[in-house]
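Right, one structure below, let's go through it.
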Amino acid sequence: MLKSFFLICSGADRTILDNCSNGEQNKYAGIGATVFFTAVMAAIAGSYALYTVFDNLYVAIGFGVVWGLLIFNLDRFIVSTIKKSDSKMKELLQATPRLILAVIIAVVISKPLELKLFEKEINRVLLEEKNQMTLENKTQIAAQFDPEIQKLETDINALKSEITAKEVETNTLYETYIAEAEGRKGTKLVGKGPVYQEKREKHDAALAELTQLKKDNAEKIKAKELAIADLKSNQLNAETKTQPIISNFDGLMARVNALGKLPWLPSFFIFLLFLAIETSPIFAKLIAPKGEYDYKLQDHETAVKTWVTQQVKQREQMLQADIVVDNQVYKDISDEEELYNYKQKLARDLMKLQANSFYEKQQKML
C-alpha cells in the first residue's frame, strides 16, 4: 500500500508502470517518496512562517497544509513532465526550466526552517536592534519636548536670579544703615539721625519689594515647574505608547533581516540540503538510464501520435476527394439545357418585378 502511494506521488502512469519489473517500480517509488517528503517539509516550513506572522496555530497549520499540497503538486508535475530521450543534451535542456523552478521552491522551503533552527541567534540580534531602536526612539521623542523644557528651566533660573539680585541689594542697604547708626560709615556719627532714617527707609522699601518679588516669582516658578512636570509626563507617555511597537518588532521580515546578519555559511549549507532534496528526483531521472517504463511510455505516446497523424491525413484526403467530386458534379449540371431555361425564366420574372417597383415609386413621387 505504501509503495502504491509513493508510485502515485511520482506522477508515473500506473497503467504502464504496473506492467513493468519490480526494480522499475521501486525506482519510481523512491522518486515519489522524495516528492512526498519534500511536500511535508514545505508544509512544516509554511506553517512556521505563517505562525511568526499571525501568531495563530490553527491558521498556520491550515496554511501549511495548503502550501504543502501546492509544493507536492508542483514537484509531481515537474517529475512527471521530464521524458527520457536518446540525447542527454535534449534531456538537460528539457529539465532546465524545471531545475530553475526547483531552486526557487528550495529557497522558499528552506528559509522558514532556517529561521526556526537559528531562532536563538536571531532573537539575540533582534534584542540588540530593539535596544538600539528604544534609545533612538527616546532621543527622537526627547527632541520634541526638550526645547520647551529647557526654555522653562531657563525662565525659572532667571526668576531665581532676580530674587537673588534683589536680596543682595536689600542686604547692602541693611548694612549701610546699620553702619550709619554705629558710626562706621557715612557721617560717622553714632546714633539714629536724619541720614540713618533716610537709609533705613530705603532699606525698608527694598525689603518690601523683595518680599513682593519673592511672592510673585514663587507663583511664576511653581507654574513653570508644573508645566515642566506635564511635559515630562507627556514625554514618558509617548515613550510608553511607542514601546509596544518596538517590542513587537519580531515579525517575519525582521527575522529574515536578522538572519541575514548572521554568518552565511550555516544558512547556505541548509539551503544546499533542501536544494539537493528538491532537485534529487529531477537528477535521478536525468542520470538514470532509459528503463522499461520509459520505453513503454514512448511506445504508447508514439502509437497515439501515429494514430492521430493518420486520422488527420485521412480527413485531409477525404476533403480533397469531396472537393473534386463537387466540382465535377456542378460542372455537369451547368451544361444541362433544362436548368438553363429554368434559371432564365426566374431571371425574367425578377426583372419584371424590379421594373414594376421602379414605376410605382416614380408615380408616387410625381
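Read-outs: derived from the displayed coordinates by stated rules, not from any lab. What you are looking at is a predicted structure, and each value in this text was computed from that prediction instead of being measured. Methodologically, a virtual Cβ is constructed for each residue, glycine included, from the backbone with ideal geometry; neighbour enumeration extends over all protein chains shown.
Label residue 237 and residue 292 with points 7 Å out from Cα along Cα→Cβ: what is the distance between them in nm?
Here the modelled spin labels are 8.2 nm apart.
Would you calculate the separation in nanometres between label points at residue 363 and residue 226, each defined as 7 Å from the Cα along the Cα-to-beta-carbon direction?
Placing both labels 7 Å along Cα→Cβ, they lie 11.3 nm apart.
So if each residue of separation counts as 0.36 nm, and I subtract the Cα-Cα distance between residue 245 and residue 273, what length gain in nm does that give?
So the extension gain works out to 6.5 nm.
What are the lysines whose alpha-carbon lies under 25 Å from the alpha-carbon of residue 343, with same-chain residues fewer than 8 places away excluded?
331, 352
Full-extension gain between residue 299 and residue 218, please, as 0.36 nm times their residue separation minus the C-alpha to C-alpha distance.
Result for the pair: 18.6 nm of gain on full extension.
How would you classify the stretch 308-365 from its alpha-carbon gyration tensor, with a ≥ b ≥ c the square roots of the eigenvalues: rounded for a/c under 1.5, else prolate if a/b is greater than b/c, otherwise oblate?
oblate
In debye to the nearest 20, how big a dipole does the chain give about its Cα centre with +1 on each Lys and Arg Cβ and -1 on each Asp and Glu Cβ?
Around 220 debye, computed over the chain.
Once you sort the root eigenvalues of the Cα gyration tensor of the stretch 142-250 as a ≥ b ≥ c, which label holds: rounded (a/c under 1.5), prolate (a/b larger than b/c) or oblate (the other case)?
Because a/c hits 1.5 or more and a/b exceeds b/c, the stretch 142-250 counts as prolate.
Tell me, 146, 13 in order of fewest to most beta-carbon neighbours within 10 Å?
146, 13
For the residue pair residue 128 and residue 169, what label-to-label distance in nm results when each label sits 7 Å from Cα along the Cα-to-beta-carbon direction?
Roughly 6.1 nm, to one decimal.
Using the Cα gyration tensor of the chain, with a ≥ b ≥ c the square roots of its eigenvalues, what is the shape: rounded (a/c below 1.5), prolate (a/b larger than b/c) or oblate (neither)?
Oblate.
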